[in-house]
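K.L.:
Please read through the structure below; I'll follow up with questions.
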Amino acid sequence: MMRPNACPPNRPSIRALLFVLLATILTNTSDGRAQTAGHGAQGHGHDMARMPGLRGANATAQESAELAVMFQNFHLIDRTVEILPDGIRTVTHSSQPEVMDVLVSHVVGMIDRVERGDDPKIMIQSPTLDIFFEHPDQMSSKVDVTAEGVIVVQTSENPEIVAALHLHAAEVSAMADRGMHAVHEMMMQRAGN
């Protein structure tokens with residue numbers, strides 16, 4: 001059964017298509033050559049300083065700034081995921097205190113938003129999160145901050161939510177491994193490219 005406002009299977013979302021179009025426009029120079037090392041040279045390309053894609057229709061400036069810190073410092077973030085039959089257990093850590101503080105704030109803040117069904121609607125946000133915001137009462141989340149890192153255990157009895165937890169854990173791990181490049185790859189996949 002398809003959720004309301006969901007795209008039919010194998011049909012890219014409008015958000016993903018717009019992103020692909022924008023990315024195509026922004027990653028080409030004025031003479032049509034793709035940019036390489038000058039990713040943003042001469043005013044073209046992604047704005048990796050301000051990262052406007054991290055803003056959201058319902059996000060605070062602090063939340064967007066936290067996302068920017070995590071993407072700019074992804075190489076300083078370590079993450080492990082344990083797939084549970086009914087959910088996930090993740091441990092995320094940074095040896096840099098400033099990055100670790102941002103990780104804790106982001107994790108606690110996003111879990112609070114999910115529990116309230118308060119979607120920040122970040123421009124680059126994965127549609128995987130939609131089910132969490134639509135059914136916050138069908139998921140249990142526990143957060144602990146220890147010397148090991150931010151430990152999150154999320155479980156559900158709903159198989160769709162469990163599948164989304166597994167997928168989102170993989171998405172976040174990809175972002176921790178490859179930063180914004182992973183986001184671009186996921187958006188291109190969703191757009192069918």
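The values are calculated or read from the model by the stated rules, or taken from the named source; none is laboratory data. Not measured: the values here are computed from a predicted model. For neighbour counting, all protein chains shown are included, and Cβ atoms are generated from backbone atoms with ideal geometry for every residue, glycine included.
K.L.:
Among the listed residues E157, E185, identify the single one that is acidic (D, E), within 19 Å of the chain's Cα centre (by Cα) and either closer than 22 Å to I122 by Cβ or modelled with pLDDT of 95 or more (or both). Quick ask: steps written out before the conclusion?
P.N.:
Values: E157 fails: within 19 Å of the chain's Cα centre (by Cα).
That would be E185, the only listed residue that is acidic (D, E), within 19 Å of the chain's Cα centre (by Cα) and either closer than 22 Å to I122 by Cβ or modelled with pLDDT of 95 or more (or both).
K.L.:
With I124, I111 as the choices, which residue is within 14 Å of the chain's Cα centre (by Cα) and over 23 Å from E185 (Cα atoms)? Working first, answer last.
P.N.:
On the way: I124 fails: over 23 Å from E185 (Cα atoms).
It is I111.
Yes or no, residue by residue, for (1) surrounded by 14 or more Cβ atoms within 10 Å (Cβ to Cβ); (2) in contact (Cβ under 8 Å) with a residue 40 or more places away in the chain; (3) not in a strand (DSSP E or B):
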| position | (1), (2), (3) |
| --- | --- |
| M110 | yes, no, yes |
| V114 | yes, no, yes |
| D119 | yes, yes, yes |
| F132 | yes, no, yes |
| D137 | no, no, yes |
| S141 | yes, no, no |
| V150 | yes, yes, no |
| V153 | yes, yes, no |
